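Chemist: Got a structure here, written out as C-alpha cells. Questions coming.
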Amino acid sequence: MKHKYFLILVSLLIYSLMNVHAQTKPNRYMLCVGINNYSGDPKLSTFKTWDDREIKNLHGCLNDVDTISKLFQKYYQFDKANIVKLLDQQASRNAIMDSLKSMAARCRKGDYFVFFYSGHGSTGFENNNQTTAKGYRNTIVPANAKDKNVYDIDNVEFNALFLNFIKKGVKLTVITDCCHSGTNTRGATLFEADSSREVESAPPHTNTVIENIHTIRLDSLGALTIGACQDNQESKETTVSGKAYGAFCISFCKAITEWPMASAENLYERTLAKIGLIRKEQNPNMEGSKRLNLDIIGSKEGEYRRQAFPLYQFDHKPYEIKGGFLDGLMDGDILVEQKSKDSIRILAVLGPSNASFEFINQSKTYKFANGFNAQFSVLNLVSNTEPPLKIFLGNGMGDEQLKTITAAAKDLFQNKNINWMIPSVKMVPEAVLFYKADTVVNGQWKLNRNKSLATKNITDLKSDELISLLNKKNVYLQLPHENSLTESITKKLAQKINRNIKLVHSIQQADYVLAGHLVDSSKIEYGWENTHLNDSTTDLPIATDFFPLNGDTNNITDSLMNRLTILSKLAYWLSIETPIKDSSLRFPYSISIKNITQKNKPDADRKTKMRADMPDLLEINFVEDKYTKIKWDTTLRLFIYLFSMDPKGNMNLIFPQPRTTVFDYPWIKGEHFEPSYLATVKHTSPGKYHYFLLACKDQVINRSVFNQHGVKRSADTITSNNPLEILMSDNDSGQRGEIRTFGNWLLKRVDIITEDKNGTKK
C-alpha cells in the first residue's frame with residue numbers, strides 16, 4: 001500500500017513539474033486583419049461612406065494575410081490555433097478593438113504577440129478638443145466604415161490597446177501595410193498596376209473629447225513597429241503570378257523566405273531593396289531601437305547571412321547592381337549568381353549603394369520580369385593597394401618570458417613617485433616605457449620621452465637613473481603580449497578579408513599597435529592603441545577598449561577583432577573623397593554648424609574646423625554655400641545624410657533619423673532656397689568630433705553603416721532635437737531626378753575640437 005501511495009505522489013510531482021514547465025513556456029499569438037471588401041457587396045467596387053468619403057475595394061489584402069500567417073507558422077513556430085484572422089466584413093471597428101483586448105487578456109508575461117493589418121489607411125483631422133503633438137491622427141479604416149458614426153481607429157486608440165500587452169511583459173510586434181502607416185498602418189484605390197491603399201482624411205471624433213494627447217512611443221518600451229510607408233506616402237499594391245499583394249507585404253515576405261533568422265534591421269533593409277526593385281515609391285518605417293539586432297518577433301539574436309546583391313538595371317546598358325561602397329564593393333570585384341552560376345565584374349562603384357558591371361559569364365537573358373530573384377554574391381575580391389587603416393602586431397612573447405617581463409613591470413608599478421596613466425583624449429603621457437620584443441624570447445625595455453626623437457634603451461627597471469627620469473612625470477607603461485595572441489589575430493585577419501585593414505611590419509608605418517597595460521598591480525588588459533598619442537595629430541580615436549586575457553585567447557581575439565573592424569570603418573570614412581572629375585564644379589550646398597550657446601564663437605561653414613566647449617549647444621543647418629558661384633538646377637536632386645563621429649569612435653546618423661523617411665534636397669520654396677534645420681547637438685566628451693554630409697543620387701539602403709558602436713565604452717550620446725519635423729509632413733521623398741553634373745555622390749566634412757569650459761583642451 002505504501003508503495004502504491006509513493007507512486008501516486010511521484011506521479012503527481014512529475015505532473016506538477018510538467019505543468020509548471022508548460023505554464024512557463026512562452027506562447028506565440030497573432031492577430032491578422034485583412035480587408036478587401038469594404039462595400040459588403042463584391043459587385044460594388046466603389047461607394048461613399050456616411051461621412052462622404054469615397055472608398056474602393058482592394059484586391060491583395062487577403063493574400064497578404066494568408067501569406068504572412070503561413071510564414072510565421074513555418075519560420076517562427078506560431079501555432080495555427082493561436083492565429084486569429086478577421087477578414088473582410090468580420091473586421092469591424094469593434095471586432096478589431098475587442099480582439100486586441102481579448103488577446104491582451106490571453107497573453108502572459110514572456111509571450112509573443114504580432115498584430116498584422118492589411119487594408120485602407122487614412123489620416124484624421126484634429127479639432128480644438130482633440131490635439132496631438134503631430135496635429136493629425138494616423139488611422140486604419142475598419143470594414144464597417146460605411147455605417148453611420150463608425151469612425152476610423154486612430155493611432156491614439158491603438159497606442160492604448162498595445163500598451164496593454166507591453167504592461168504585461170509581452171514581446172509586441174506591430175506590422176501595418178496601409179497608406180500613411182509611418183506611425184500607424186496602410187490604404188488604396190482601384191486595383192491597377194500602381195494602385196494604392198488610401199482613403200480621404202477622416203473627420204475628427206465628435207462623440208469624444210480628448211485633450212492634449214501624448215502617446216507613449218511603443219519602441220521605447222521594447223516593441224517593434226513596422227509600417228509599409230511614411231506618414232505622407234501611399235502604400236502600393238502589385239501583382240505576383242497574377243495575384244494581388246501589398247508591395248510592402250510581398251517584399252517583406254520574400255525577405256523572410258530568403259533568411260528568416262535575420263535581424264529585424266536586416267529584414268528591413270532587404271525589404272526596402274526589394275520594394276525599390278519593383279519601382280514602388282514608398283519607404284517602409286521601422287521603429288524599435290531595442291529590437292533591431294533580434295529576429296522579427298524578438299525571440300533571439302538575429303543571424304547574419306552573407307550579403308547578396310540584386311540586379312538593379314539590366315534592361316539597357318550600363319548594367320547596374322544594388323550594391324556600392326557602403327557594402328564594401330570595389331572596382332574589379334567578381335560576383336556570382338548562385339542559381340544560374342552567371343558571373344559579373346564590377347566596372348565602377350558609382351555611389352553608396354549602386355555600381356555598374358559587365359557580364360563575364362551569362363547563361364540566360366535577364367529581363368525585368370524575372371530579374372527580381374537574381375542575387376549575386378561576392379566570389380572574388382580585388383586587392384586594395386592602400387587601405388586607410390594600418391596596424392602593427394609586433395612579436396609576441398613566449399609564456400615564460402612574458403611572466404618575467406610582467407613581474408618586473410609590476411614591481412616598478414608599485415613606485416608611488418611616478419604618475420602612472422593610460423593615454424586618452426584627456427591625457428597625453430610625458431614618457432612611454434615599453435618592451436620591444438625582437439623575438440619570442442629576446443627583447444629590450446625602451447623609454448621614449450614626449451616629443452623626443454631619441455629612444456633610450458633600459459637595461460634595469462630598478463636603476464636610479466630610470467627612476468629619476470620618470471619621477472613626478474605622467475608615464476605610460478606598455479606591455480608586450482603573448483605569442484599565441486599574435487598568432488590568433490593573424491589567423492583571423494587571414495580568414496576574413498577586410499580591405500580597409502593592412503598589416504604592416506613596423507610601428508612607424510602603423511596607425512594602431514596591439515598593446516597591453518597594467519590596470520592595477522595585478523590586472524593586465526590588451527587593446528589597440530593609436531601610434532600618435534597627441535590628439536592633434538590624428539583624427540582617429542586614441543585607443544579602443546582594452547580586454548583582459550583571462551587565459552581565453554579566442555574570446556579576447558574576437559573582442560579585439562570587433563574593435564579593429566570598427567576602427568577600419570571609421571578610417572574609411574575619414575579617408576574617402578568625393579570623385580568630382582572637374583574641380584571647377586562644386587555642390588552649392590553644405591552644412592553650417594553654429595554655436596548657439598556662445599554667439600561670439602566662430603561658426604563652421606566656410607571653414608572646415610571650429611572649436612567649442614563641452615556644455616555648448618551646436619545647431620546644424622543645411623545651407624546654401626555662398627562661396628560657390630554656380631547656380632544649382634533645382635530639378636536635380638540628391639539624397640542627404642548627416643552623420644557624426646565622436647572622439648570615442650561612435651558613429652551616429654543624425655539626419656534622417658534611422659528607419660524613417662529619406663529626404664531629398666535642395667529644399668526649394670518657390671524660386672529661393674531656404675536653409676533647413678537638421679539638428680541640435682551637445683558634446684559630452686573633449687576631443688575631436690567629425691560631421692559628414694553625404695549627398696548621393698540613390699538612397700542608402702543599409703543605413704546601419706552610419707551607426708557604429710564606438711571603440712571605447714561610452715554612455716555619451718549625440719542628441720538630436722526635432723529634425724525637420726515640418727518637412728516630414730510636407731516633403732515627398734519619392735520625387736527625385738537624375739544627377740548628371742556631379743556624379744552619384746559627394747561628401748563634405750566639418751571637424752570640431754571640443755574643449756573644457758576654460759578653453760584648455762584635455
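Since every read-out is calculated from the coordinates, none of them should be taken as a lab result. The model shown is predicted, which means the values in this text are computed figures rather than measured ones. Please note: Cβ atoms are built from the backbone with ideal geometry, for glycine as well, and neighbour counts cover all protein chains shown.
Chemist: In terms of modelled amide H atoms, which long-range or inter-chain residues lie less than 5 Å from the amide H of Gly302?
Modeler: Under 5 Å from the amide H of Gly302 lie the amide H atoms of Leu294, Asp295, each far enough along the sequence or on another chain.
Chemist: On to the next question. Using 16 Å as the cut-off for backbone N distance, which residues of the stretch 610-624 belong to the label zone defined by a point 7 Å from the Cα of Lys599 along Cα→Cβ?
Modeler: Zone members listed by number: 617-619.
Chemist: Also: On average over all directions, what projected area in square nanometres does the stretch 389-575 have, based on the convex hull of its Cα atoms?
Modeler: 10.2 nm²
Chemist: Next up: For the stretch 312-380, what is one quarter of the convex hull surface built on the Cα atoms, given in nm²?
Modeler: Spelled out: convex hull of the Cα atoms, projected over all directions, averaged, 4.0 nm².
Chemist: Which cross-chain or sequence-distant (5 or more) residues have an amide H under 5 Å from the amide H of Leu638, H modelled 1.01 Å from N in plane?
Modeler: Here Tyr665 satisfy the definition.
Chemist: For the stretch 307-429, just say rounded, prolate or oblate: build the C-alpha gyration tensor, square-root its eigenvalues into a ≥ b ≥ c, call rounded for a/c under 1.5, and beyond that prolate if a/b exceeds b/c, oblate if not.
Modeler: Prolate, because a/c is 1.5 or more and a/b exceeds b/c.
Chemist: Here's a follow-up. For the stretch 51-65, in order, what is each residue's ³J(HN,Hα) by Karplus, 6.51 cos²θ - 1.76 cosθ + 1.60 with θ = phi - 60°, in whole Hz (x at glycine and Pro)?
Modeler: 9, 6, 9, 8, 10, 10, 5, 9, 10, x, 5, 5, 5, 4, 4
Chemist: Can you tell me the FRET efficiency between Lys403 and Gln89 if r is taken as the Cβ-Cβ distance and R0 is 56 Å, rounded to the nearest 0.05?
Modeler: 0.10
Chemist: Another question, if that's okay. Within the set Lys403/Lys462; Lys390/Lys569; Lys390/Lys492; Lys80/Lys167, which residue pairs have Cα atoms separated by over 21 Å?
Modeler: In this structure, Lys80/Lys167 exceed 21 Å between Cα atoms.
Chemist: Which whole-Hz couplings ³J(HN,Hα) result when phi for each residue of the stretch 315-320 is put into the Karplus expression 6.51 cos²θ - 1.76 cosθ + 1.60, θ = phi - 60°, listed in order with x for Gly and Pro?
Modeler: With coefficients 6.51, -1.76 and 1.60, one gets 8, 7, 7, x, 5, 10 Hz.
Chemist: Let me ask something else about it. Tell me, what is the FRET efficiency for Thr608 and Asn380 to the nearest 0.05, using R0 = 30 angstrom and their Cβ-Cβ distance as r?
Modeler: Computed FRET efficiency for Thr608 and Asn380 comes out at 0.20.
Chemist: Would you mind checking which residues have amide H under 5 Å from Trp420's amide H? H placed 1.01 Å from N; only 5 or more apart, or other chain.
Modeler: Val475
Chemist: Next question, about the same structure. Hey, what do the phi angles of the stretch 334-340 turn into as Karplus ³J(HN,Hα) couplings, whole Hz, using 6.51/-1.76/1.60 and θ = phi - 60°, x for Gly and Pro?
Modeler: Here the 3J(HN,Hα) series is 10, 10, 10, 8, 5, 6, 8 Hz.
Chemist: Simple spin-label model, 7 Å along Cα-to-Cβ: Asn149 to Met97 in nm?
Modeler: Result for the modelled spin labels: 1.3 nm.
Chemist: On to the next question. Between Ile576 and Gln509, what FRET efficiency follows from the Cβ-Cβ distance if R0 is 30 Å, with the result rounded to 0.05?
Modeler: Computed FRET efficiency for Ile576 and Gln509: 0.90.
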